[in-house]
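Novice: Supplied in structure tokens, the structure appears directly below.
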């Protein structure tokens with residue numbers, strides 16, 4: 001059995017500053033990292049409050065960055081982004097701010113790009129199979145069902 005070395009609060013503070021500076025983090029990720037380092041709850045609270053004071057940890061900034069990134073890179077819809085932010089215990093206010101980061105025109109054009117791409121991929125299937133594949137593909141990525149149904153009705 002390997003014995004873990006204990007780490008001081010100052011050392012943990014430095015590690016977490018680097019952790020947060022590298023990439024935007026949410027409170028849940030930071031807490032998990034501190035638990036992993038074997039910190040006690042009192043020390044965790046102290047370190048987290050220091051990170052917030054020194055602007056290493058900012059939940060609004062995290063939520064906005066998360067929403068922009070997942071939309072631009074992974075092409076997620078608002079439902080999926082919302083769900084993932086809630087899993088990270090982000091406040092409703094910060095979730096609203098994050099969703100505002102996505103412009104309506106970009107959102108609309110990305111939806112239709114994904115829709116057309118998927119339609120091409122499943123064009124060899126029957127109409128009902130095409131509809132099911134497109135629906136499940138876009139639903140999984142968090143696009144609104146009404147938007148998907150409207151687009152399907154226009155095409156089929």
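Please treat every number below as a calculation from the coordinates, not as lab data. Quantities reported herein were computed from a predicted structural model and do not represent experimental measurements. With ideal geometry, Cβ positions are generated from the backbone for all residues, glycine too; neighbour counts draw on all protein chains shown.
Novice: Along each principal axis of its Cα atoms, how long is region 104-155 end to end? Whole angstroms, biggest number first, please.
Specialist: 32, 20, 17
Novice: Using the Kirkwood radius built from alpha carbon pairs, what does the Stokes-Einstein equation give as D for the chain at 10 °C and 1.306 mPa s, in µm² per second?
Specialist: Result for D is 88 µm²/s.
Novice: List residues of region 66-86, by number, whose backbone nitrogen lies under 19 Å from a label position 7 Å along Cα→C-beta of residue 109.
Specialist: 68-78, by backbone N distance to the label point.
Novice: Sticking with this one: Whole Å is fine, so just give me how far the alpha carbon centre of region 10-53 lies from that of region 61-137.
Specialist: One Cα centre to the other: 30 Å.
Novice: Taking each pair of different alpha-carbon atoms in region 69-143 once, compute 1/r for the pair, average those values, and report the inverse of that mean as the Kirkwood hydrodynamic radius in Å to one decimal.
Specialist: About 13.4 Å for region 69-143.
Novice: Given N residues in region 32-107, what is its alpha carbon radius of gyration divided by 2.2 N^0.38 Å?
Specialist: Compared with the compact-globule rule of thumb, region 32-107 sits at 1.29.
Novice: For n ≥ 4 DSSP H runs only, could you compute -39500 (n - 2.57) per run for the chain, divide by its residues and tell me the 222 nm figure to the nearest 500?
Specialist: Roughly -23000 deg cm²/dmol at 222 nm, from the helical runs in the chain.
Novice: With a 10 Å cut-off between alpha carbons and a GNM built on the chain, which of 110, 46, 60 moves the most?
Specialist: Maximum fluctuation in the GNM of the chain, among the listed residues, is at 46.
Novice: Among 56, 107, what is the fewest-to-most ranking by other Cβ atoms within 10 Å?
Specialist: 107, 56
Novice: At a Förster distance of 30 Å, what's the computed FRET efficiency of residue 128 paired with residue 72, Cβ-Cβ distance as r, to 0.05?
Specialist: For R0 = 30 Å, the calculated efficiency reads 0.35.
Novice: Let me ask another. On each of the three principal axes of the Cα atoms of region 9-53, give max minus min coordinate, whole Å, ordered largest first.
Specialist: So the extents along the principal axes, rounded to whole Å, are 24, 17, 16.
Novice: Rounded to the nearest 0.05, what FRET efficiency do residue 22 and residue 116 give with R0 = 35 Å and r taken as the Cβ-Cβ distance? Could you check?
Specialist: So the FRET efficiency works out to roughly 0.45.
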